[in-house]
Amino acid sequence: MDQFKGQARLPKFAIPKRYDIRLKPDLTACTFAGSVAIDLDIVENTNFIVLNAADLSINSASVSYSSSSKVLQPVKVDLVEADEILVLEFAETLPIGIGVLDIVFDGVLNDKMKGFYRSTYEINGEKKNMAVTQFEPADARRCFPCWDEPACKATFKITLEVPAELVALSNMPIIEEKVNGDLKTVTYQETPIMSTYLVAIVVGLFDYVEDHTSDGVKVRVYCQVGKTKQGNFALHVAVKTLELFKGYFAVPYALPKLDMIAIPDFAAGAMENYGLVTYRETALLYDDQHSAAANKQRVATVVAHELAHQWFGNLVTMEWWTHLWLNEGFATWVSYLATDSLFPDWKIWTQFLDECTEGLKLDGLAESHPIEVDINHASEIDEIFDAISYRKGASVIRMLQSYLGAESFQRSLASYIKKHAYSNAKTEDLWAALEEGSGEPVNKLMNSWTRQQGYPVVSVKLKDQKLEFEQSQFLSSGAPGDGQWIVPITLCCCSYDARKSFLLQTKSETQDVKELLGSCQVGSGSSWIKVNVEQTGFYRVKYDEELRARLGCAIEKKNLTETDRFGILDDSFALCMARQQSLTSLLTLMGAYREELEYIVLSNLINISSKVGRIAADATPDLKDDINQFFINLLQFSAEKLGWDPKQGESHLDAMLRGEVLTALAYFRHDLTLDEASRRFHAFLEDRNTPLLPPDIRKAAYVAVMQRVSTSNRSDYDSLLQVYRETDLSQEKTRILGSIASCPDPNIILEALNFLLTSEVRSQDAVFGLAVSKEGRETAWAWLKDKWDHITKTWGSGFLLARFVNMIVSPFASFEKAKEVEEFFASRTKPAISRTLKQSIERVHINANWVQSIQKETNLGEVVKELVFRKY
């Protein structure tokens, strides 16, 4: 049996074709009983059957294998928990061909939000359990023994025995329901061929709203009793999105129905189970009165993301987790395509830059990983559901689509989906389809982006009407890297009409731009050059000083698009962190954005101000207040334009921006903002429906009142907790959790952190409360160490554990602290956090080096004072 232990994949001598699964969950005892009959094709001589199983109690006497000629009982049944495999040894060689494997088993409805688990909800004040599945990446094995690998596709016939009054859902429509006393037996249509991680079951009390697509697919949104009105927006998005994707992929949705359901306890954002998509409530429900514009956008993009998976992931599935990015990167990219089609006024493609930036941030670490990453054990899979698979994945798809052209790209995708439907694919299969459709050497172009980690910074110098380009790997640490890429360079000079593009395939190259520069008005100060036009490329750009200064002028004169203004700022910030550009020059550039009003640019300006503010406070405490004041000044223009109250007919983006600008001013402890927020907050406490505190500015008000809370002045904190306890809207609860630890008083922070571990906070939501103020960093670290055993017990088997480490460790900025963190985790690391821990410690080193570099800038104080007193 030892030959099967410690292997990344199951042996290939038996291939599952069909599962007949019967499950009987007991929602009071929180257990389940089950049986499975698996049609197998034995394709090699063997006297073993090896499949996945974990946390199940196998009834050994029930296990049998029946072929056409005989019924065999195994001589040994061994459940190897370390490898999550069930090894069945038979006395004789199994006959080649088709047979049936029967197994009876029991399990526990766990509280870990994975496998077959329980979630709690209340009906008329009474607490109840529902039973829910979450199988991706590798947890179907916790519900029934199976070949739990994406390439082992089969059909699934599911039968449930459940309390008669409950709703019982699965991937397919119900074909029969038989009531027998208090119980009913529910049988579902057999599924098409699919992977185990997409099987789904939900049992509980629910209401629903329903609609149909134009070709008759029944679409429902299920939610807790009394919340159906909150499902209407997602229902509208789903119906329209299914129709859009049917056209885009040139293949209809494959199932007769699509259910989407809100689950109160849910670890991820959502899960694309075939025909039964599960969501956390914040990603599916939208309340006209109490949800913010940002919540509405979140629902739209998440629904579009999950429905994209019905084709890209469910119909065509990655062959192994190495190719996870094919699922996630693609669904992320195409969710923007769908949202833009449904809500063009949201200008959602400008916000795609946020995806790109998050990808660039993580991939700037030496401890990043390639898009295609080797997976050697199931425990390693969780950690790659990260910004590389989703965000870098989406960004390189966008870069490729921009290079190949939208029409050619779409045609090739449709042929890829047709070719691999009901089957599996690898990255190279997608490249082959795109290569065939476009005639471009896609495989050669893209390998440097998916098979090696990192990305380039392209340095640009102007000399004698020639542009000199040089690429090198960008690392946030400032260290040299040795990667090289095929980089699609785009540039424009003085106008978006004067453009040039080429592939930079070597370390350096010179391009003649004499003709392009001819379109500039000489001596007018408007002769600028922007590389990576509209930020479609996944790389950073470093300009020489003269080019950088000209771009600063172009920003002030509003000559550049918002995406390009975003890109210049973001690259400058990254180069400053990597110590390739001074903080002085970054702050000077930021000054050029003082009249910025576009959502995506201001949102990034706020994020950068917040990070720079924290680092500057570590590096130069005596300049902290001046730098803070400079950031407050930068936001005054937009704050005055937007005001506190929504304006009739204003855009979705302005509604989101108002909340972000006021929240930033609250974090910077701007007195006038804190005063006004306090007035509105107290009006809200008197009347929850007051027009003085609409949902878009609630987070700002909550953060603002927490800035003046202390041990001796805690009433606003207690009031916020009261609002938390009274609301049943998840979005409101997470807004409050995201605000309470922003308090400057370490004692209150400790209270807030301890509150996260109480039964009042669902374990899925605790991570929202980890955003502590600068004054709370040490408190949070001491708390993490003190509570580590409890935290690992509660979150230790899922990806949320890694968030605790990242959010509490990463903000530090000293080498001593990095050493202390390393020492603490030396004996406490586990596969689920090893990558995140290394990344977090690397971030601390980057911050510490950045602090030292800032301390060496001799003219910083002078420049800051000049920027503060400059009249805006």
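The values are calculated or read from the model by the stated rules, or taken from the named source; none is laboratory data. It should be emphasised that the depicted structure is a prediction, and the values quoted were computed from it without experimental measurement. Neighbour counts run over all protein chains shown; Cβ positions are idealised from the backbone, glycine included. These area figures cover heavy atoms from the full protein model, side chains too; ligands, DNA and RNA do not enter into them. Shrake-Rupley method; radii C 1.70, N 1.55, O 1.52, S 1.80 Å.
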Problem set entry | Full-stretch length increase - LYS785, GLN7 - with 0.36 nm per residue and alpha-carbon distance subtracted | 276.7 nm
Seminar exercise, completed: Straight-line reach check, LYS153, cutoff 13 Å on alpha carbons, 8 or more apart in-chain or any other chain, hits among aspartates and glutamates -> ASP39, ASP41, GLU319
Exercise. For PHE330, what charge total do you get from the other residues with a beta carbon under 13 Å from its beta carbon, if Lys and Arg give +1 and Asp and Glu give -1?
Worked result: -2
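Which pairs, out of LYS418/LYS507; LYS542/LYS611; LYS296/LYS392; LYS463/LYS624; LYS819/LYS865, put more than 28 Å between their alpha-carbon atoms? Could you put the intermediate results ahead of the total?
Details: LYS418/LYS507 39 Å; LYS542/LYS611 20 Å; LYS296/LYS392 24 Å; LYS463/LYS624 39 Å; LYS819/LYS865 36 Å.
Listed pairs above 28 Å: LYS418/LYS507; LYS463/LYS624; LYS819/LYS865.
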Problem set entry | Peptides ranked, highest mean first, by Cβ atoms within 10 Å: ranges 341-350, 703-712 | 703-712, 341-350
For this session: With a 1.4 Å probe and every protein chain left in place, tell me how much accessible area TYR539 has, in Å² to the nearest 10.
Result: 0
Seminar exercise, completed: Note, ARG669: beta-carbon cut-off 15 Å, +1 each Lys/Arg, -1 each Asp/Glu, net -4
Problem set entry | Convex hull of region 174-301 built on C-alpha atoms - directionally averaged projected area, nm² | 9.3
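Loop only per DSSP, at most 11 neighbouring Cβ atoms within 10 Å: give me the chymotrypsin sites (Phe, Trp or Tyr not before Pro) in region 238-328, ordered by residue number.
Numbers: sites: PHE245, TYR248, PHE249, TYR253, PHE266, TYR274, TYR279, TYR286, TRP311, PHE312, TRP320, TRP321, TRP325; in loops: TYR253, PHE266, TYR274, TYR286, TRP311, TRP320.
The qualifying sites: there are none.
First measure r as the distance between the Cβ atoms of ASP354 and GLU816, then evaluate 1/(1 + (r/R0)^6) with R0 = 41 Å and state the FRET efficiency to the nearest 0.05.
Working: r = 33 Å, r/R0 = 0.81.
Efficiency for this residue pair is about 0.80.
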For this session: Per residue of region 675-680, in order, report the coupling 6.51 cos²θ - 1.76 cosθ + 1.60 (Karplus, θ = phi - 60°) as ³J(HN,Hα) in whole Hz, putting x for Gly and Pro.
Result: 5, 5, 4, 4, 4, 5
Seminar exercise, completed: region 312-340 scanned against label point 7 Å out from ALA421 along Cα→C-beta; backbone N under 13 Å for 312, 315-316
Exercise. What order do ARG594, ARG679, ARG735 take when sorted by accessible area (1.4 Å probe), most exposed first?
Worked result: ARG679, ARG594, ARG735
Problem set entry | Long-range amide H partners of ILE85 with built H, under 5 Å | ALA53, VAL80
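With all protein chains present and a 1.4 Å probe, how do LYS361, LYS419 order by accessible area, largest first?
Values: LYS361 95, LYS419 160 Å².
Ranked from most to least accessible, the order is LYS419, LYS361.
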Exercise. At each listed q (0.11, 0.16 Å⁻¹), what is the log10 of I(q)/I(0) that the Debye formula gives for region 735-824 modelled as equal alpha-carbon point scatterers?
Worked result: -0.28, -0.60
Exercise. What does the charge count near ARG714 come to, summing +1 for each Lys or Arg and -1 for each Asp or Glu among other residues with Cβ under 14 Å from its Cβ?
Worked result: -3
Seminar exercise, completed: So, with points 7 Å from each Cα along the Cβ direction, the GLU190-THR28 label distance in nm works out to 3.7
For this session: At 7 Å along the Cα-to-beta-carbon direction for both SER501 and LYS774, put a label point, then send me their distance in nm to one decimal.
Result: 4.3
Exercise. At a Förster distance of 45 Å, what's the computed FRET efficiency of ASP111 paired with PHE824, Cβ-Cβ distance as r, to 0.05?
Worked result: 0.95
For this session: Using amide H atoms built 1.01 Å from N in the peptide plane, name the residues 5+ places from LEU504, or on other chains, whose amide H lies under 5 Å from its own.
Result: VAL487, ILE489
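Rounded to the nearest 0.05, what FRET efficiency do LYS624 and GLU92 give with R0 = 56 Å and r taken as the Cβ-Cβ distance? Could you check?
Details: r = 78 Å, r/R0 = 1.39.
With R0 = 56 Å, the Cβ-Cβ based efficiency is 0.10.
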Problem set entry | Kirkwood-based shape ratio for region 12-103, expressed as Rg/Rh from alpha carbons | 0.99
Seminar exercise, completed: Given the candidates PHE566, ALA267, LEU109, the one whose Cα lies deepest towards the positive end of the charge dipole of the chain, counting +1 at each Lys or Arg C-beta and -1 at each Asp or Glu C-beta, is PHE566
Exercise. For LYS127, which lysines qualify as cross-link partners when the Cα separation must be under 19 Å and same-chain residues fewer than eight apart are set aside?
Worked result: LYS112, LYS227, LYS733
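Note the direction-averaged projected area, equal to a quarter of the hull surface, for the Cα convex hull of region 258-304, in nm².
Working: hull surface 13.1 nm².
Its Cα hull, projected and averaged over all orientations, spans 3.3 nm².
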Problem set entry | Protection proxy ranking, peptides 395-401, 809-815, average beta carbon neighbours within 10 Å, highest first | 395-401, 809-815
Exercise. Once phi is turned into θ = phi - 60°, what whole-Hz ³J(HN,Hα) does the Karplus curve with 6.51, -1.76 and 1.60 give for every residue of region 656-671, x standing for Gly and Pro?
Worked result: 5, 5, 3, x, 5, 5, 5, 5, 4, 4, 5, 4, 7, 6, 6, 4
Exercise. Among 819-832, 845-858, how do they line up from the highest to the lowest mean number of other beta-carbon atoms within 10 Å?
Worked result: 845-858, 819-832
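Can you give the extra length, in nm with one decimal, that the chain gains between LYS558 and ILE175 once fully stretched, where that is 0.36 nm per residue apart less the Cα-Cα distance? Each step should come with its number before you reach the end.
Working: separation 383, 0.36 × 383 = 137.88 nm, distance 6.19 nm.
Between LYS558 and ILE175, full extension yields 131.7 nm more.
What's the magnitude of the charge dipole for region 50-127 around its Cα centre, counting Lys and Arg as +1 and Asp and Glu as -1 at the beta-carbon? Answer in Debye, nearest 20. Let's see the in-between values first.
Numbers: 6 positive and 12 negative charges, 35 e Å.
My answer is approximately 160 debye.
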Exercise. Cα convex hull of the chain: how many Å³ per residue?
Worked result: 170
